[in-house]
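The values are calculated or read from the model by the stated rules, or taken from the named source; none is laboratory data. All figures in this text were calculated on a predicted structure; none of them were measured in a lab. Positions of Cβ are backbone-derived with ideal geometry, glycine not excepted, and every protein chain shown enters the neighbour counts.
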Ligand code: GLN
Ligand code: ZN
């Protein structure tokens, strides 16, 4: 017997990012809203058709969006922020997401532990949900009429929608009101013929207090009463559900669970409490957020164990989460070597795998898993001498109080980007490109000296992207041509693949750094991307535990650190902006991750001499819960984003008794505004109110790559003045 298959979400960007291109043409005024709607409808329908033709029984509708599915749900229930209410419908969605001249955009934040960002609903006491134009119904009917396919409408569930919202409101009152509208929606869809309606409640995988489970119980009991005919499919993903058996008692038709993230826990739960015979189980057996072929042995093991307690007719196979998080198709990857291609499965290929698993044509021995070579076994290494002694060993730098520096990158002109593209295409000779890069370095070393910065950088002109640059030079990483994934709005990223063991082959940054250092007597910081950030912004192989990959990357970066040191570079910065992103959703899993991340950073940085200064940089992080990790990393200096956070950040550092050097960013590099001397001295005073002067460094929030040369020069001139003023006061 063939098991039923389902998809719980599919990429919306199209095979060649038609979605992104359409949106951006519309925003530039090149195509009308109607034209855009027409183009997007084509993508929507062709995605449904493709999944149906792959043999998937239950194909989602409503996972598609003109921007973001959380924003869609907000609009569906008429919950848009007050300030946008009067805008015409065609402008409203994009205005909320992107802002207008007069109206600030709504906040955007990360969707659980993915790199997808959703628009945060803003609710308050006045919020009155009311079902609006029902695009779900429209799209459901459209697929039925135009393609003859009975799709499965998909929508974020009421409890998750409220949990992800911000603002002051009475949770229970609003939930009650919202449930009335969800009930109407379920009835409309059921009346139109929908066989199942999927409501996503990923909030169930977070650490919960009882209130979440209680809200879920109340919500789904209420929905059953108001929509007795609807077939309700409660879907979760990104981990296991604490107290899963409580869902068994609810009047649900299908429960969808992630059997990849949290696999062991789920199998244990299914063993402990029998899955109810009156419900179907939609089992997420294929990893929906990584790009590798599924390990057949693993899938077989999971399915067989589940079939021991769930009847075949009640089991549906599906990806572990929406395929939104993987690229669309391998079809266009003509440049990858065949041994890499053979390890990969993007969205379309995953559906093919799923269908094959459901038909139970197990082809033993073809498994993607490979023999594991031993992981580097190491204790957590350290710097040999404590920070206080390193400070003495580092006095040779002769730095003033409040040393002034930058985070690494300087502006990249149109000319530079063009030259790099030409060079990559083979249209510009290596020597010509290198010569150009050297000119840029020389120019900016001179400018930094004129500005009177204390610690200089070479500017990162040779790099297009801080992960890609290292990925291209390390063995074991590869790049796709078309492996795009939506990050936020129309913005897509193309993460590299870590497909094999990582090897450092030869120096990656020596040439530029040593050249820069040769031009000045001031210290030039070597600039590297840290192991965790490289891994977090890539698709990491799955046939090894992730910590092996972290440590392999760490060893590679360590070799680079040592070769810089050997070449006379005495300050080395290892950036870890993504380190906090990796923090697991559940508290119980966080310690292991922190241990691994710290160890990886220390493998990379701890073998230098005490007189060599290690810097690190983090941005976009909230540090309140990460202090122990940051302390343990034991960098001599950390620079962090500070200008947009509200003081509590530094309190975290002082309360924790952070003893090493720290550079709280004194201005926001994301804005073209030139910060005044006064506001930057104010930032420094704020820092001085909680931290001792001898620890403080002065720097911007982040790299300056996206700013114009003129903006950077003016801002840095003010920044140096601010440092001088504060020095004079102390
Ligand atoms: N060194 C990098 C730069 O300046 C750091 C970038 C980042 O933190 N994202 O561009
Ligand atoms: Zn940064």
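Residues are listed down the side, and each one gets a yes or a no for (1) farther than 19 Å from residue 159 by Cβ; (2) buried (at least 17 other Cβ atoms within 10 Å of the Cβ):
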| site | (1), (2) |
| --- | --- |
| 72 | no, yes |
| 79 | no, yes |
| 84 | yes, yes |
| 87 | yes, no |
| 90 | yes, no |
| 95 | yes, yes |
| 99 | yes, no |
| 104 | yes, no |
| 111 | no, yes |
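In region 209-241, what count of residues is obtained for those that are part of a loop (DSSP other than H, G, I, E, B) and modelled with pLDDT of 95 or more? Before the answer, list the steps.
Just the residues of region 209-241 that are part of a loop (DSSP other than H, G, I, E, B), to begin with: 209, 227-231, 236-241.
Filter again for modelled with pLDDT of 95 or more, leaving 227-231, 236-241.
So the count comes out to 11.
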Identify, by number, the condition in (1) within 14 Å of ligand 1 (Cβ to nearest atom); (2) closer than 30 Å to residue 596 by Cβ that residue 381 doesn't meet. (1)
Kindly indicate the residue of region 696-709 that is more than 11 Å from residue 410 (Cα to Cα) and outside any loop (DSSP other than H, G, I, E, B) and also farthest from ligand 1 (Cβ to nearest atom) among those meeting that condition. 696
Mind listing just one residue for me: the one in region 595-628 that is within 17 Å of residue 656 (Cβ to Cβ) and surrounded by fewer than 22 Cβ atoms within 10 Å (Cβ to Cβ) and, of those, farthest from ligand 1 (Cβ to nearest atom)? 628
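How do the helices (runs of 4 or more DSSP H) wholly within region 1-90 filter down when requiring 3 or more residues that are under 24 Å from the mean Cα position of the chain (by Cα): which remain?
Details: elements: 18-27, 33-53, 69-76.
In region 1-90, the matching helices (runs of 4 or more DSSP H) lie at 18-27, 69-76.
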Are any of the residues in region 529-545 touching a helix residue (DSSP H, G or I) at 6+ places or on another chain (Cβ under 6 Å), part of a strand (DSSP E or B) and under 30 Å from residue 105 (Cβ atoms)? yes
For the list (1) outside any helix (DSSP H, G or I); (2) farther than 25 Å from residue 475 by Cβ; (3) out of contact with any strand residue (DSSP E or B) (no Cβ under 9 Å at 6 or more places or on another chain), I need the number of the one condition that residue 334 fails. (2)
Working only within region 617-646, note down all residues that are under 22 Å from residue 534 (Cα atoms), within 13 Å of ligand 2 (Cβ to nearest atom) and modelled with pLDDT under 90. 619, 620, 621, 641
Selection from region 32-55 of residues surrounded by 15 or more Cβ atoms within 10 Å (Cβ to Cβ) and in contact (Cβ under 8 Å) with a residue 40 or more places away in the chain yields 44, 45, 48, 49, 50, 51, 52, 54, 55
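Tell me, which helices (runs of 4 or more DSSP H) wholly within region 401-516 include 2 or more residues that are in contact with a strand residue (DSSP E or B) (Cβ under 8 Å, 6 or more places away or on another chain), in contact (Cβ under 8 Å) with a residue 12 or more places away in the chain and within 16 Å of ligand 1 (Cβ to nearest atom)? Walk me through how you get there before you give the answer.
Details: elements: 414-424, 430-451, 468-473.
Filter on region 401-516 gives 430-451, 468-473.
Which one of 714, 679 is away from ligand 1 (no atom under 16 Å from the Cβ) and either farther than 26 Å from residue 466 by Cβ or modelled with pLDDT under 95 (or both)? Even if it seems obvious, please write down each step before you answer.
Working: 714 fails: either farther than 26 Å from residue 466 by Cβ or modelled with pLDDT under 95 (or both).
Unique residue meeting the criteria: 679.
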Just to be sure I understand, how many residues within region 554-581 are modelled with pLDDT of 90 or more, part of a helix (DSSP H, G or I) and within 16 Å of ligand 2 (Cβ to nearest atom)? 1
So for region 233-240 (the condition being touching a residue at least 40 places away in the same chain (Cβ under 8 Å), more than 22 Å from residue 322 (Cβ to Cβ) and either surrounded by 15 or more Cβ atoms within 10 Å (Cβ to Cβ) or touching a helix residue (DSSP H, G or I) at 6+ places or on another chain (Cβ under 9 Å) (or both)), does at least one residue qualify? no
Checking residue 264 against (1) touching a residue at least 24 places away in the same chain (Cβ under 8 Å); (2) closer than 20 Å to residue 543 by Cα, which test does it fail? (1)
For residue 382, which of the numbered conditions (1) at pLDDT below 95; (2) over 28 Å from the mean Cα position of the chain (by Cα); (3) closer than 30 Å to residue 112 by Cβ fails to hold? (3)
